[in-house]
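The values are calculated or read from the model by the stated rules, or taken from the named source; none is laboratory data. Because the structure is a prediction, the values reported are computed rather than measured. Note that we place each Cβ from the backbone using ideal geometry, even for glycine, and neighbour counts take in every protein chain shown.
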Amino acid sequence: MTILQSINSPSDLKKLPPAKLKNLSQEIRDLLINTVAQTGGHLAANLGVVELTLALHYVYDVPKDKIVWDVGHQSYVHKMLTGRLDKINSLRQYRGISGFPRVDESPYDIFNTGHASTSISAAVGLALARDIKQENHSVVAVIGDGALTGGLAFEAMNHAGHLGLDFIVVLNDNAMSISPNVGALSGYLRKLRMDPAYSQTKEEVEQALLRIPGIGANLVKAAGKIKDMVKYLVVPGMLFEELGFTYLGPIDGHNIEDMIVVLQRARHIKGPVLVHVITEKGKGYPPAVENPDVFHGIGPFDVATGKAIKSGIKTYTQVFGEFMVRKAESSPDLVAITAAMTSGTGLDVFAEKFPGRFFDVGICEEHAVTMAAGLASGGLKPVVAIYSTFLQRSFDQIIHDVCLQNLPVVFAVDRAGLVGEDGPTHHGVFDLSYLRQIPNMIVMAPSNEDELNDMLDSALKYGQPAAVRYPRGSGEGVEIKNSPEYIPPGKAQLLQEGDQVLIVAIGRMVNIAMNASVYLRERGISAAVINARFAKPLDEDLIGSWAGRCRRVVTLEENVLMGGFGGGVAEAMNCKGISAEFLHLGIPDSFVDHGAVSCLLEELGLDAPSVAASIINRWPELIKQRVIRGL
């Protein structure tokens, strides 16, 4: 039996002598690499926090003590140590364990996470609840240096410092979020890592002053300027000290013994404490160390080479990235903005070729959108590339700063719809609803990669806010035209004529609609199919004409039904006075779990056979009461 196999809970870990933790670290790394090679997942971040996770569970008594993992993509080691080792092969798989902390999965998962910069706010709330209830336990937030660039983290630290709250922030500093960190804060942390003068703590400085013969004690007691001057010169973490935190570090995040000592010390310090830990993303696996952005979130890969196992079809993200490079060559006013996801959004080549026109703002989606509004006001053509699930954070900025002023900002909304194994925190199933309600906003979704190319080019010509939402992963494998075709705002496309039922679909669901029509045709049902292309504005004339002819309308979307595309179609037909029966198919009023997209579509009744079955069940008279089997 390995050391890891003997650990069923953190209490088993505490029985081990510290000397054995190094061997345990290697066992964990081996299992991480081999597991993620099969399941896909966030490898580099987890390899970097092996020793940190061991030290945290060695010192703190979870779940009595509360540990909140920011983002939570680095919680795989935590899951191994908290009774889920036997389920690790089901990581991120359909009906397996989640790749993020889930309170419904284990009592050791204190708080659901998935988006960056939330842990400190959650920890502040947990610590306040502890104090109000007069309980006695520690609260720890583990946050990366990338997530620390998010404004929410500093809002929470500012409040915690004001309160003098007893809790601990562990800053896991690996100089990376998904892309290399940017900004002044990143430079500040780099200074702390690199400058030997920053190796002393505040207490060590005071001890040094006390050793000065005759005047040392007076210097320590002296108010104000002399002590403050010394602190600003040599005490590390002054930014955090000024926010009211006791700063400890920087500490080698791969030295378990040192971390245990510092974490034990932090546990007994009154007031907020920040422990600055330096780790290496991808530690122990050379391909992940060399390419931490690639191994941040990766699909199945070959362990020996580190090469991802991919299909030969281009992804929508690649198509977007290639479009941006081509367009920038002929459009000097085109600029690109992203939020800590240069490669994730496909903008890495753009960034290399046009560094003066590329802006990675860090994990600051709100700033990205308002800055884009400023760039548009200055006469440029900004394209903001952000995942659907993260664009939610900038909802107010989209309304107030972009759409209210009707500025020509284009939103490239990647990872729209179901994203698969990352689960409910990452599914992009709300964007059609939250974008289509905003005045001046054009909202569209391509059915294939060629249409994505057309939509991106068209969006830049509209002269008003426009969002193009497209899914994660490979496209349909269609050929992309040399010259994009202009699509007028709201212009839909009739793909197939029919006279019994009209299917109006958008985005990835268009191809499912076409396949469903084949199932229907095999049963003698004639279905017209329209590729709506736009959620806003709608092609009311084309849809209305065929809705009036068929009198039965099915809307199909990879978005929540509440306030979504289907509701918009029904509203428009009602306003036109068209009498028709409706069936809306999409995401129900519940959060969707993780799993392969194909599994989730089937579970939700959004695969082609299920769509056909739903139509027949809704209108059984279409087949004159024939019994349908095998759907």
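The table for this structure:
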read-out	value
Checking residue 511 against (1) at pLDDT 95 or above; (2) under 29 Å from the mean Cα position of the chain (by Cα); (3) buried (at least 22 other Cβ atoms within 10 Å of the Cβ); (4) over 25 Å from residue 571 (Cβ atoms), the condition it does not meet	(3)
Counted residues, segment 515-531 - those being among the hydrophobic types (A, V, I, L, M, F, W, C) and assigned to a strand (DSSP E or B)	4
Qualifying residue in segment 73-92 (condition: closer than 25 Å to residue 288 by Cβ, among the aromatic types (Phe, Trp, Tyr) and either in contact with a Leu (Cβ under 7 Å, 6 or more places away or on another chain) or assigned to a helix (DSSP H, G or I) (or both))	yes
Among the candidates 458, 447, residue that is crowded, with 20+ Cβ neighbours inside 10 Å and free of Cβ contacts under 8 Å to residues at least 40 places away in the same chain	458
Pairs with Cβ under 8 Å, 6+ apart, first in segment 382-407 and under 17 Å from residue 150 (Cβ atoms) and not assigned by TED's automatic domain parsing to the domain that holds residue 438, second surrounded by 20 or more Cβ atoms within 10 Å (Cβ to Cβ) and aromatic (Phe, Trp, Tyr)	none
From the options 585, 604, 561, residue that is crowded, with 21+ Cβ neighbours inside 10 Å and under 25 Å from residue 435 (Cβ atoms)	585
Residue ID - nearest to residue 175 (Cα to Cα), chosen from residues in segment 276-313 that are of a type in the set (Lys, Arg) and surrounded by 16 or more Cβ atoms within 10 Å (Cβ to Cβ)	281
Residue check, residue 530 within 18 Å of residue 455 (Cβ to Cβ) and touching a Leu at 6+ places or on another chain (Cβ under 8 Å)	yes
Hey, residue 370 at pLDDT 95 or above, β-branched (Val, Ile, Thr) and outside any loop (DSSP other than H, G, I, E, B) or not	yes
Those residues of segment 7-34 which are among the β-branched types (Val, Ile, Thr) and either part of a loop (DSSP other than H, G, I, E, B) or within 18 Å of residue 69 (Cβ to Cβ) (or both), in sequence order	7, 28
Those residues of segment 482-514 which are in a loop (DSSP other than H, G, I, E, B), over 17 Å from residue 457 (Cα atoms) and of a type in the set (A, V, I, L, M, F, W, C), in sequence order	506
Matching option when the condition is over 18 Å from residue 456 (Cα atoms) and in the same structural domain as residue 452 (by TED's automatic domain parsing), among 331, 343	343
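Matching residues to (1) among the aliphatic types (A, V, I, L, M); (2) under 28 Å from the mean Cα position of the chain (by Cα); (3) closer than 16 Å to residue 142 by Cα; (4) in the same structural domain as residue 46 (by TED's automatic domain parsing):
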{"position": "254", "(1), (2), (3), (4)": "no, yes, yes, yes"}
{"position": "259", "(1), (2), (3), (4)": "yes, no, yes, yes"}
{"position": "266", "(1), (2), (3), (4)": "yes, no, yes, yes"}
{"position": "273", "(1), (2), (3), (4)": "yes, yes, yes, yes"}
{"position": "276", "(1), (2), (3), (4)": "no, yes, yes, yes"}
